[in-house]
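Right, one structure below, let's go through it.
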Amino acid sequence: MTARIRTDAKALADDVRQHLTGEAPGSPLVLAPIAGPGVLEPLRRLVVAEYRAHPVELVACGTLLARFPHPPAVELWVTLARIVHEATPKLREVARALGMTETDLVGRPADGGTYSFHGAMSWVATSGSQAAAALAAHTDMQVYYSGATAVARCLRQEGAPVPREFLDYYDDPGDSTLAELALNVAQDGLDRGDNPQEALFYAHHIADALLTVWKETVTHSKGDDR
């Protein structure tokens, strides 16, 4: 009988991290102009992209809770859903500080990258294994929080004319305990027989979708000086 080799979820996370080398999340916004009348436009586009993603993330968490309702997975899905739910009203305050209305949040055209992320999140929630979904969640946290803090701290350091609400919301390094829980859930899935290559595939897909959101936030705002 051939002994089964145990796959390490942390090794898979390191693979994803290597995939991101040279693609620092948030870098397009960090390199964008931080002065002049157009400084707020890419920030508004970022807020719209995140606001549109929240309902998709909540549905994804509910779907994963129904598919994998056992510990430690259940704790991850419930915690992620709570974080997104509590973040939404705070994001509305950020939008108001940026001069946006509720109509802007729900009716303003969004970039294609935004919907790419929606599709990636929905796909992993409905089709991915437990390990794939948990590794994707870990990747989401790593890419989102590193990018958000890079943008907020750059704007703070340069004294950019940006509302305090935006800086306070996005200057958030995330919860290392939650990231560790995501890896534990991924490991539990792998130990149950989930395919590690499938988990990597979904994690890379989530990373690519998020990086596209960062890039399009700047690319599609050029020339808009509202």
_Segment Arg6-Arg192, extension gain: residue separation times 0.36 nm, minus the distance between their alpha carbons_ = 65.9 nm
*Say each of His70 and Tyr115 gets a label point 7 Å from the Cα, pointing the same way as Cα to Cβ; how far apart are those two points in nm?*
3.8
*Assuming R0 = 35 Å, can you tell me the calculated FRET efficiency for the pair Arg92 and Ser127, based on Cβ-Cβ distance, to the nearest 0.05?*
0.65
*What is the calculated FRET efficiency for Glu102 to Arg82, with r their C-beta to C-beta distance and R₀ = 22 Å, to the nearest 0.05?*
0.45
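Since every read-out is calculated from the coordinates, none of them should be taken as a lab result. What you see is a predicted model, and the numbers here were worked out from it, not measured in a lab. All Cβ positions, even for glycine, are placed from backbone atoms using ideal geometry, and neighbour counts span all protein chains on display.
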